[in-house]
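S.K.: One structure coming up, written as structure tokens, with questions to follow.
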Amino acid sequence: MTSVRNARRGDLASVVAVMNAVDVAALGEPDTTEEDIATGWDESVFDVCSDAFVAEDDDEVIGYGELYPREEQTFDADVYVHPDAADEVAKALLDAVMARAATRGGAGVRLATWVPVGDRSGRAFAAAGFKSVRTFVRMRYSGDGIPAAPDPPAGIVLRPFDQGRDAPLVHEVLVEAFAGHVRPMTPSLERFTEQHLDHPDFRPGLWVLAEHDSHVVGAITVFDHGDIGFIRHVGVRSGHRGRGIGAAVHPSRLPHPAAARTGGTTAVTLEPRPVSASEVTFARTMTQADANLVGNIHGGVIMKEVDVAGGTAAARHAGGVCVTAAIDELSFLQPVHIGDVLVVSARVNAVGKTSLEVGVRVEAEPWQGGERRHTTSAYLLFVCLGQDGRPREVPPLIVETDDERRREQQAQIRRQARKERIQRLGSYGPGPAPQPDS
């Protein structure tokens, strides 16, 4: 005897087994994990005990249905029925889901669904009044067959995703890019964060942004599904479409190409990159909140800006996460005052196997205009980390000008001095290190 009831947390394994049986029938292989489903059940807008249902036959779960909220009064009505179960199971589950939709969404509720080609649940949806409006194609290619990506259009710079600051920018791009789509991006940044950055398959190194004049105008988001890199979104702002940006943010350009994943680790493209590819400059006006009692900007504030700029340049070159390992030199040359516009520039000077030196120059000028003065110089050492948290190789650096060659040579001198200093200090064993004048 088949019956339908509200789902419970304890049904997770049985629900996933049913969904994978549907996957095998439609795709030839299982495509659902318990982690995938549990993530959806944990979303703040979803109540598994009210929005999800299971169909049982002699206490065995043979079907699953859920009402998944998209936006106000818009829901997904999804039904999965084991291939060996009767057609009536799909109808019973859909009836339960639609009843829940009427309760939760009220008058004017809109329902949509995805049905694999040939899946018999489609008959239940058709009988309930659903109509087929479009077809989506599932496509895949292997790492061996990735075509070469075209060069970015003139004025477009590709860079890695910075989880600390880029989430709102990517969200804005995708909201605009999918505004006319049947599945628009949620306008809620909180919901976007929950669905994407909090997802267990999220990897910041698999997202790439396209910038024009330092403004993010395009993005690709890829999720790590084990042995598959799932391209979830490729979005370009409306004013920049038709220029080839979508083609340029191509998986073959990913800092950690999803298609090259093997054994749970990610292959890294070590194509040499010029200094110019990772240079970064930004500006910020100093306010009273940044200053000490006499009106000078705190050194710690400037150090933070130096670290942010240096880390951004390092990440751009390495194509992934870089962490600050050391500051070889930090010189405060002139004070910075309230109202000054701080201009911070960073560039990669030299690279090792897993580390790289970034030089940062800080300048300041009065907000109303005037002479720009050199206030701070710094040389920072960064180590690039792979997704396992361990150091990984970084791409070689292409030095093209006399100035770049000079900077690289000076960086090597600092590197050698750092190694010698560590050796000398280490030879003293435990206890305080000797003072410089001792």
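Just so you know, all these numbers are worked out from the coordinates, no wet-lab data involved. Owing to the predicted nature of the structure, the values given are computational and were not obtained by experimental measurement. Backbone-built Cβ (ideal geometry, glycine too); neighbour counts: all protein chains shown.
S.K.: How much FRET efficiency would the formula 1/(1 + (r/R0)^6) give for CYS49 and ALA417, where r is the Cβ-Cβ distance and R0 is 56 Å, rounded to 0.05?
M.R.: For R0 = 56 Å, the calculated efficiency reads 0.30.
S.K.: Could you work out the relative contact order of the chain, using alpha carbon pairs under 8 angstrom and six or more residues apart, expressed as a whole percent?
M.R.: About 10 percent, as a whole number.
S.K.: With just the Cα atoms of region 2-128, tell me how far they stretch along each of the three principal axes, in Å, largest first.
M.R.: Sorted from largest, the Cα extents of region 2-128 read 37, 31, 28 Å.
S.K.: Could you tell me how many cubic angstrom of Cα convex hull volume region 284-330 has per residue?
M.R.: Looking at region 284-330, the number lands at 90 Å³ per residue.
S.K.: Would you please name the GluC sites (Glu not before Pro) within region 362-415 that are DSSP coil residues with at most 11 other C-beta atoms within 10 Å of their C-beta?
M.R.: Qualifying residues, ordered by number: GLU371, GLU400.
S.K.: May I pose another question? Can you compute the equivalent ellipsoid semi-axes for region 313-387, i.e. the square root of 5 times each eigenvalue of the Cα gyration tensor, sorted largest first and rounded to whole Å?
M.R.: With the √(5λ) rule applied to region 313-387, the semi-axes are 29, 12, 9 Å.
S.K.: Need the list of lysines near LYS91 for cross-linking: C-alpha distance under 21 angstrom, and skip anything on the same chain fewer than eight residues off.
M.R.: Once the sequence-local lysines are set aside, what remains near LYS91 is LYS131.
S.K.: Another one. How high is the relative contact order of region 2-128? Use alpha-carbon pairs under 8 Å, at least six apart in sequence, and give a whole percent.
M.R.: 25 percent
S.K.: Grab the other residues whose beta carbon is less than 13 angstrom from that of GLY65, score K and R as +1, D and E as -1, and report the net.
M.R.: Taking every Cβ under 13 Å from that of GLY65, the sum is -4.
S.K.: Mind jotting down the three principal axis lengths of region 68-226 based on Cα atoms? Whole angstrom, largest first.
M.R.: Ordered largest first, region 68-226 gives principal extents of 56, 40, 28 Å.
S.K.: Percent antiparallel among DSSP beta bridges with both residues in the chain, to the nearest 5?
M.R.: Bridges in the chain are about 95 percent antiparallel.
S.K.: How large is the translational diffusion coefficient of the chain in µm² per second when you combine the Kirkwood radius over alpha carbon pairs with Stokes-Einstein at 37 °C and 0.692 mPa s?
M.R.: Taking Rh from Cα pairs, D becomes 129 µm²/s.
S.K.: For region 157-253, I need the span (max minus min coordinate) of the C-alpha atoms along each principal axis, in Å, sorted largest to smallest.
M.R.: 33, 30, 27
S.K.: If you average 1/r over all unlike Cα pairs in region 273-424 and invert the result, what Kirkwood radius do you get in angstrom?
M.R.: By the Kirkwood definition, the hydrodynamic radius is 16.1 Å.
S.K.: Counting each DSSP H run of 4 or more residues in the chain as -39500 (n - 2.57), what helix-only mean residue ellipticity at 222 nm follows after dividing by all residues, to the nearest 500 deg cm²/dmol?
M.R.: -8500 deg cm²/dmol
S.K.: Moving to a separate point now. Stretch GLU393-THR33 to full length: gain in nm at 0.36 nm per residue minus the Cα-Cα span?
M.R.: Value of the extension gain: 126.4 nm.
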